[in-house]
Amino acid sequence: MNNYANVMGIQFPKHTLDRTVEILNEVVERRPPELFHVITVNPEITMACRKDAELRAIVEEAGLITADGIGIVMVSRVRGGNLPERVTGYDTLIRLLESGNRKRWSFYILGADAAVNERACEVIAERYSSLCIAGNHHGFFKQDEEERIVEEIASLAPDILIVALGAPYAERWIYKHKSRLNAAIAIGVGGSLDVIAGKVKETPESWKKLNVEWLYRLIQQPARWRRQLILPKFAIRALLFRERQ
């Protein structure tokens, strides 16, 4: 049986959220010599990979990718790939925090604006009091500050590096510094810190079960409508996709 689903040339492993978290727990426990890069691939990244060879290489070299979008799951099912479910950056982050709380892992939180970053760290410390926030920094750093941030992360050697710099910039940033970050796992989590900090409301489970989380987020953040325009384009191109010879 094929354990991967091909969506626009990207091979998505057929993992549930539970299995994804199991794999990441194993990675932290064995602490591999090379950072394990996790990318939650949404339709925007999938589309961008068709024109951006560098981004495509980053995705293909990742330790693990997940299907972050119901559109990817639905396309896979129509084309016979049958991905079991979405595995979003937010859900993966929450599960990693839960594991970290039980196992006393250390985290470095990078990204979002200063107020959101600080508030998210406070909330995480309150909810998951047994994990360690080894360090944090907002995402609006200048180029001449970047080296110091990388050196700080490397010196702290966190189990998990959380990067909320927006996709695909977070993925590019992790990849650029991959050999120096000295963490077990690094994962880009989009706007997850905004949700944890309370700046953006978390999508209710009822909306998630109906697979209309995108609509809830659009209602909460109307400015996202331009980004949502890519969804029908993705669906058409993904359903009609043929691998280049």
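Before moving on, here are some points about what is shown:
- Alpha-carbon centroids, the range 146-169 and the range 37-110: separation in whole Å: 18 Å
- Trypsin sites (Lys or Arg not before Pro) within the range 161-192: DSSP coil, no more than 14 neighbouring Cβ in 10 Å: R180
- Normalised by the number of residues in the chain, the average gap of Cα pairs under 8 Å and 6 or more apart makes the relative contact order 23 percent.
- At R0 = 30 Å, FRET efficiency that the Cβ-Cβ distance of D144 and E60 yields, to 0.05: 0.40
- Gyration tensor analysis over the Cα atoms of the chain returns equivalent ellipsoid semi-axes of 28, 20, 18 Å (largest first, whole Å).
- For the range 29-103, the gyration tensor built on C-alpha atoms gives an oblate shape. Its axis ratio a/c (a ≥ b ≥ c) is at least 1.5, and a/b is not larger than b/c.
- Violating pairs (Cα-Cα greater than 23 angstrom) within the set K51/K233; K199/K233; K142/K201: K199/K233; K142/K201
- Helix runs (DSSP H) in the chain reaching 15 Å along axis by Cα, Kyte-Doolittle at least -0.5: 17-30, 114-127
- Mean-position separation - Cα centroids, the range 1-31 and the range 176-208, in angstrom: 18 Å
- As a rough guide to protection, the peptides 54-61, 158-165 ranked by mean Cβ packing within 10 Å, highest first, stand as 158-165, 54-61.
- Furthest towards positive pole of dipole, T20, V75, W105, structure part the chain, Cβ charges: V75
- Put in order of Cβ neighbour count within 10 Å, fewest first, the listed residues D91, D18, D113 become D18, D113, D91.
- Amide H within-cut-off set for G69, under 5 Å, with H built and near neighbours excluded: V87
Throughout, read-outs are computed from the coordinates displayed, never taken from laboratory work. The shown structure was predicted, so the numbers you read here are calculated from the model rather than taken from an experiment. Neighbour counts run over all protein chains shown; Cβ positions are idealised from the backbone, glycine included.
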